[in-house]
Amino acid sequence: MTQPRTALQVVTRFAPSPTGYMHLGHAYAAIFAWNAARERNGRFLLRIEDIDRDRCRPEFEDAIFEDLHWLGLDWAGQPRRQSDNMSDYKRALNKLHALDLLYPCFCTRKEIQAEISNADAAPHNTDGPIYPGICRTLTPKERDVRLSSGVPYALRLDMTKAHAITGPLTWNDREQGINNADAAAGDVVLARKDVPTSYHLAVTLDDHRQRVTLVTRGMDLFHSSSVHRLLQSLLGLNIPEWQHHKLIMSKDGRRLSKRGRALTISALRRAGESPASVRSMVGFD
Ligand code: GLU
């Protein structure tokens with residue numbers, strides 16, 4: 001007789017960056033992840049994505065804790081803080097280096113933009129133009145000259161080489177179904193010029209370390225999941241499921257942003273709104 005399979009406990013997470021105060025979009029993402037765990041008797045975790053030391057502030061981090069508590073969202077264990085785990089990211093980069101999958105990119109934003117505007121048909125995905133590969137084709141000599149001149153550089157993943165190693169990959173989104181992990185994102189940055197990791201690398205490793213089984217996040221990051229699936233395969237990490245959700249828009253149909261004038265949760269709280277009214281503003285009862 002076959003034994004019933006023990007269902008893996010669902011683990012979700014909310015992973016804000018403390019670069020501003022939480023707005024209704026963050027509240028929606030946090031409640032969504034919390035509900036996804038709660039409905040399945042699982043665990044909800046918190047992660048502070050603070051690799052961008054110049055933009056992160058302790059007061060924003062404190063406000064995240066306060067806002068989540070106020071909304072009634074509790075998390076299991078200590079929050080994981082990305083800035084505490086730089087050595088983990090470094091080890092992963094070394095592994096990718098050893099596979100010869102990284103190359104230094106010296107381009108400035110301006111140079112990338114100029115190259116894209118000069119191209120007849122610059123490849124795009126829904127996140128915008130993709131990196132046109134300028135530094136991928138540098139000769140070893142050109143690379144050495146630039147490296148020894150001390151110009152700052154990022155490290156990019158050579159997508160073509162990476163996919164040649166893994167072969168075709170798929171990933172499952174609970175709402176959208178099976179997706180091919182294609183190379184549409186282009187040669188993404190895995191270590192920034194100013195920070196020795198990047199969003200893609202840190203998120204993928206952290207979801208593995210925190211044993212996240214269901215990654216929930218906004219549709220704006222849908223294409224990133226193909227990059228993360230590829231990294232999971234290259235680095236031998238767990239493969240979760242995904243669920244990308246709608247984005248909360250402002251009344252005039254724009255995406256809420258920290259830099260814009262989106263109403264923050266703390267402002268709503270100060271204005272006398274209740275947690276229940278904030279929940280209902282984003283469509284939860
Ligand atoms: N730190 C990311 C953000 O605030 C979260 C990304 C993710 O959930 O993967 O947008």
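Summary of computed values
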read-out	value
Pairs, first under 14 Å from V151 (Cβ atoms) in segment 102-118, second outside any loop (DSSP other than H, G, I, E, B) and of a type in the set (D, E), C-beta under 9 Å, six or more apart	C107/E115
Qualifying residue in segment 176-183 (condition: of a type in the set (D, E), more than 30 Å from A37 (Cα to Cα) and in a loop (DSSP other than H, G, I, E, B))	no
Number of the condition not met by L256 [criteria: (1) within 13 Å of the ligand (Cβ to nearest atom); (2) more than 29 Å from P168 (Cα to Cα); (3) within 17 Å of the chain's Cα centre (by Cα)]	(3)
Residue count for segment 186-205, restricted to those that are closer than 18 Å to I130 by Cβ, part of a loop (DSSP other than H, G, I, E, B) and among the hydroxyl-bearing types (S, T, Y)	1
Which listed residue, of A185, A181, is of a type outside the set (D, E, K, R), in contact with a helix residue (DSSP H, G or I) (Cβ under 6 Å, 6 or more places away or on another chain), within 16 Å of the ligand (Cβ to nearest atom) and at pLDDT 95 or above	A181
Qualifying position, being part of a strand (DSSP E or B), within 22 Å of T264 (Cβ to Cβ) and within 14 Å of the ligand (Cβ to nearest atom), among R13, R55	R13
Segment 195-210 residues that are under 14 Å from L45 (Cβ atoms) and among the acidic types (D, E), paired with ones that are assigned to a helix (DSSP H, G or I) and within 12 Å of the ligand (Cβ to nearest atom) (beta carbon under 9 Å, 6 or more apart)	D206/Q82; D207/H228
Residue within segment 21-37 that is surrounded by 21 or more Cβ atoms within 10 Å (Cβ to Cβ) and assigned to a loop (DSSP other than H, G, I, E, B) present	yes
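For (1) among the hydrophobic types (A, V, I, L, M, F, W, C); (2) modelled with pLDDT of 95 or more; (3) within 11 Å of the ligand (Cβ to nearest atom); (4) closer than 21 Å to A181 by Cβ, each residue gets a yes or a no:
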residue	(1), (2), (3), (4)
A202	yes, yes, yes, yes
V212	yes, yes, yes, yes
T216	no, yes, yes, yes
S225	no, yes, yes, yes
L231	yes, yes, no, yes
I239	yes, yes, no, yes
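The values are calculated or read from the model by the stated rules, or taken from the named source; none is laboratory data. Everything quoted here is computed from the prediction, not taken from an experiment. Here Cβ is always computed from backbone atoms with ideal geometry, including for glycine, and neighbour counts include all displayed protein chains.
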